[in-house]
Amino acid sequence: MNCIIIDDEATARAIVKQLCTKVEELDVIEEFDNAISAIKFLNQNSIDVIFLDVHMPGFSGVDFVQTLKDPPKVVMTTSDTDFAIAAYEYECIVDYLVKPITLERFQKCLLKIKNSSAKRPQIPTANQENAQEEDLYINIDRRLIKLKLNDILVIEAKGDYIEIKTEKEEHRVHTTLKKIKEKLPEKLFLQIHRSYIINFTKIIDIEDNSVLIAKNVVPISRSNRPELMRRLNLL
Amino acid sequence: MIEQPNLSYIDELAGDDEGFRGQFIDVVKSEFPLEKDEYFGHIDNSRFKETAEIVHKLKHKFNILGMHDSYKLAVTYEMELLEGKYESKTKFDNVLATIEEYIKTI
């Protein structure tokens, strides 16, 4: 089985690598000291197992798992013994190892890897999804105005209203972000902050914790960032 | 008396693999001073969240070096830092100094 190791600590990576050589059934093909580099690698390479540190600066192991489109088996490594419950919220996580990892425990982990068929349910692709309506009618001053869904750039919550920004105009509608989200096709739209939904196809660039869409700089919340990263076709 | 580091875990992991043992010690020797410097850089400037993060890393080193009581101290200290406190600082700093001396001998 091919595996990669993701841990910001060199000592931790060295330990897992050494343990892999001892069991002889795991070939370490790459190591990463950060999650972003690993995501890029995984977009181009198929592997069987990831050994993943829970606690990494900026982008945690759990953020990373949420980002994976079609995750292989994941073994979390952690210094915290209270991680177990969180780990099993994700189907792809087959085991968690508390550091420092012993050979005996690692051998048990290998058995779990081999016996597990864990795979996260596939996310439906655009073709598999039901055909979506292309228009949205909004009620403004008792008039129903038709908007092309693809013209919408950003939707922002503003108190009891939402503001819908298109390339040419802005509309203020008395409703909630939650309600309009239900009317929007997932393949086009993504909520990246509790106050913002964006048209995913209109992104110009992403910098740190914000997205640029036309002239709109939209913040990305920490909790929504993994889903955004998962949707990106990263090179 | 302060707990002393040892290489029992590393020896067990290495077995007869002297190459790994040597490489691993080199990694500890190069990584620890950087983490220690990062720790003091943050704590001296009262950046508690960042200090807690580097303490989290350092506590793994304590475990690797067989310092289980020091690991427990680091767990407590990490929690204190996240609450903006640093009551265990002196004891923690002593552990770092002990490790610093020890890695000069291996």
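The values are calculated or read from the model by the stated rules, or taken from the named source; none is laboratory data. Please read these numbers as outputs of a predicted model, since none were measured by experiment. A quick note on method: Cβ atoms are made from the backbone with ideal geometry, for glycine too, and the neighbour counts reach across all protein chains shown.
For segment A:5-33, filtering for residues that are under 17 Å from A:K112 (Cα atoms) and more than 14 Å from every other protein chain (Cβ to nearest Cβ) leaves 3.
Do we find that A:T67 is within 14 Å of chain B (Cβ to nearest Cβ), in contact with a Phe, Trp or Tyr (Cβ under 9 Å, 6 or more places away or on another chain) and β-branched (V, I, T) in this structure? Against the criterion (within 14 Å of chain B (Cβ to nearest Cβ), in contact with a Phe, Trp or Tyr (Cβ under 9 Å, 6 or more places away or on another chain) and β-branched (V, I, T)), A:T67 does not qualify. State all residues of segment A:198-223 that are over 26 Å from A:S60 (Cβ atoms) and touching an Asp or Glu at 6+ places or on another chain (Cβ under 9 Å); if no residue qualifies, say none. Passing the criteria: A:N199, A:K202, A:A214, A:N216. Entry remark, segment A:22-47: residues being touching a helix residue (DSSP H, G or I) at 6+ places or on another chain (Cβ under 8 Å) and either part of a loop (DSSP other than H, G, I, E, B) or assigned by TED's automatic domain parsing to the domain that holds A:R222 (or both) number 3 in total.
Tell me yes or no: at least one residue of segment A:34-41 is surrounded by fewer than 18 Cβ atoms within 10 Å (Cβ to Cβ), away from chain B (no Cβ under 14 Å) and among the β-branched types (V, I, T). The answer is yes; a qualifying residue exists. Could you grab me the full set of residues in segment A:49-66 that are of a type in the set (D, E, K, R) and touching a residue at least 60 places away in the same chain (Cβ under 8 Å)? Correct list: A:D63 only. Report yes if some residue within segment B:22-31 is out of contact with any Lys or Arg (no Cβ under 8 Å at 6 or more places or on another chain), surrounded by fewer than 17 Cβ atoms within 10 Å (Cβ to Cβ) and in contact (Cβ under 8 Å) with a residue 12 or more places away in the chain; otherwise report no. Looking for residues that are out of contact with any Lys or Arg (no Cβ under 8 Å at 6 or more places or on another chain), surrounded by fewer than 17 Cβ atoms within 10 Å (Cβ to Cβ) and in contact (Cβ under 8 Å) with a residue 12 or more places away in the chain, one finds at least one in segment B:22-31, hence yes.
Condition test on A:K146, is it at pLDDT below 90, more than 17 Å from the chain's Cα centre (by Cα) and part of a loop (DSSP other than H, G, I, E, B)? Here the answer is no, as A:K146 does not meet what is asked.
For segment A:192-206, give me each residue that is polar (S, T, N, Q), surrounded by fewer than 19 Cβ atoms within 10 Å (Cβ to Cβ) and modelled with pLDDT of 90 or more. Walk me through it before giving the result.
So the first thing to find is which residues in segment A:192-206 are polar (S, T, N, Q), and the list is A:195, A:199, A:201.
From what is left, the residues that are surrounded by fewer than 19 Cβ atoms within 10 Å (Cβ to Cβ) are A:195, A:201.
The one that is polar (S, T, N, Q), surrounded by fewer than 19 Cβ atoms within 10 Å (Cβ to Cβ) and modelled with pLDDT of 90 or more: A:S195.
Scanning segment A:41-63 for residues that are more than 15 Å from the chain's Cα centre (by Cα) and hydroxyl-bearing (S, T, Y) returns a single hit, A:S46. Could you check, for segment A:94-102, whether at least one of its residues is outside any strand (DSSP E or B) and more than 13 Å from chain B (Cβ to nearest Cβ)? No; the residues of segment A:94-102 include none that is outside any strand (DSSP E or B) and more than 13 Å from chain B (Cβ to nearest Cβ).
Here is a list: A:L153, A:L212, A:L228. Which entry is free of Cβ contacts under 8 Å to residues at least 60 places away in the same chain and assigned to a strand (DSSP E or B)? Lay out the reasoning, then the answer.
Details: A:L153 fails: free of Cβ contacts under 8 Å to residues at least 60 places away in the same chain; A:L228 fails: assigned to a strand (DSSP E or B).
Step by step, each of A:L153, A:L212, A:L228 is checked, and only A:L212 is free of Cβ contacts under 8 Å to residues at least 60 places away in the same chain and assigned to a strand (DSSP E or B).
Is it the case, given these coordinates, that B:Y9 is surrounded by 14 or more Cβ atoms within 10 Å (Cβ to Cβ), more than 19 Å from A:M56 (Cα to Cα) and of a type in the set (S, T, Y)? Reasoning before the result, please.
Numbers: surrounded by 14 or more Cβ atoms within 10 Å (Cβ to Cβ): yes; more than 19 Å from A:M56 (Cα to Cα): yes; of a type in the set (S, T, Y): yes.
So B:Y9 passes the test.
Within segment B:32-74, being among the polar types (S, T, N, Q), over 9 Å from the mean Cα position of the chain (by Cα) and crowded, with 20+ Cβ neighbours inside 10 Å holds for one residue alone: B:T51.
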